[in-house]
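Could you have a look at this structure, given as structure tokens, before my questions?
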Amino acid sequence: LAGTSLKSVELPQNLESVGTQAFSFCRSLTSLDINEGLRVISQQAFEGCPIADVYIPSSVESIGSDSFLSISTYQGQITQKFRIDTANTNLIADGVALYVKSGDGIILVKAYHPDLKPKNVDESPESLEYDIMYGTTVISAHAFARCINLKAVNIPDTVRSIGDMA
């Protein structure tokens, strides 16, 4: 289904995993309904899709890198947010970035705060500073890709790995 003109997707309750690049670059995909039961969203699953509001149910255990890369880097101005079911013990959204808890720490998957997004080049963006959550062990590839307003990132001493083009 990657690269199609889909506008909305409702994932069925019996679906456990969305594969790598399953819906990537569906540039009209603005509505995503993830039902309880989904456990894994693989890398780049929704890359290039302008989905503004992502609700993640309690059953989701992991989200791969670049799964929602273009939500925050899409050419249009999208005020994007992640809402995570309060019963989900695997994911954290702190209002700026999405994290996944793993067996040996926390993985920073993607920064998504609206002020970190690309702005019109004619504007003078306000620079921002971000403190990565203590306990984070991995910063995923492209975690801060195209966050042109980001002035400084404070990395805790718990980080052991930083992905490509983070």
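The values are calculated or read from the model by the stated rules, or taken from the named source; none is laboratory data. As the structure is a computational prediction, the values presented were derived from the model and not from experiment. Using ideal geometry, Cβ is built from the backbone for each residue, glycine included, and neighbour counts are taken over all protein chains shown. Each accessible area value is taken on the protein alone, full model and side chains, heavy atoms only, with ligands, DNA and RNA left out. Shrake-Rupley method; radii C 1.70, N 1.55, O 1.52, S 1.80 Å.
For the range 24-34, which positions are touching a Leu at 6+ places or on another chain (Cβ under 7 Å) and either among the hydroxyl-bearing types (S, T, Y) or closer than 20 Å to S59 by Cα (or both)?
S28, D33, I34
Please verify whether the range 61-76 includes one or more residues that are at negative phi, at pLDDT 90 or above and over 11 Å from the mean Cα position of the chain (by Cα).
Scanning the range 61-76 turns up at least one residue that is at negative phi, at pLDDT 90 or above and over 11 Å from the mean Cα position of the chain (by Cα).
On to the next question. Before we move on, is Q13 within 12 Å of G64 (Cβ to Cβ) and open to solvent by 80 Å² or more (accessible area, probe 1.4 Å)?
Working: within 12 Å of G64 (Cβ to Cβ): no; open to solvent by 80 Å² or more (accessible area, probe 1.4 Å): yes.
Spelling it out, it is not the case that Q13 is within 12 Å of G64 (Cβ to Cβ) and open to solvent by 80 Å² or more (accessible area, probe 1.4 Å).
Show the residue pairs meeting these rules: Cβ distance below 6 Å; 6+ apart or different chains; first residue within the range 145-166 and without any contact (Cβ under 8 Å) to a residue 40 or more places away in the chain; second residue assigned to a strand (DSSP E or B) and open to solvent by 90 Å² or more (accessible area, probe 1.4 Å).
That search, which allows pairs on different chains as well, returns K151/E129; A152/E129; N154/D131.
Scanning the range 97-114 for residues that are modelled with pLDDT under 90 and of a type outside the set (A, V, I, L, M, F, W, C), which turns out farthest from I132 (Cα to Cα)?
Step by step, filter the range 97-114, then rank; the result is G103.
Closer than 26 Å to S161 by Cα, modelled with pLDDT under 90 and either within 12 Å of the chain's Cα centre (by Cα) or not hydroxyl-bearing (S, T, Y) (or both): which single residue out of D53, D131, D122, D94 fits that description?
Numbers: D53 fails: closer than 26 Å to S161 by Cα; D131 fails: modelled with pLDDT under 90; D122 fails: closer than 26 Å to S161 by Cα.
Testing whether each residue is closer than 26 Å to S161 by Cα, modelled with pLDDT under 90 and either within 12 Å of the chain's Cα centre (by Cα) or not hydroxyl-bearing (S, T, Y) (or both) leaves just D94.
May I pose another question? Output the residues belonging to the range 1-10 that are surrounded by 14 or more Cβ atoms within 10 Å (Cβ to Cβ) and closer than 22 Å to S58 by Cα.
First pass over the range 1-10, keeping only residues surrounded by 14 or more Cβ atoms within 10 Å (Cβ to Cβ): 2, 6, 9.
Within the range 1-10, V9 is the sole residue that qualifies.
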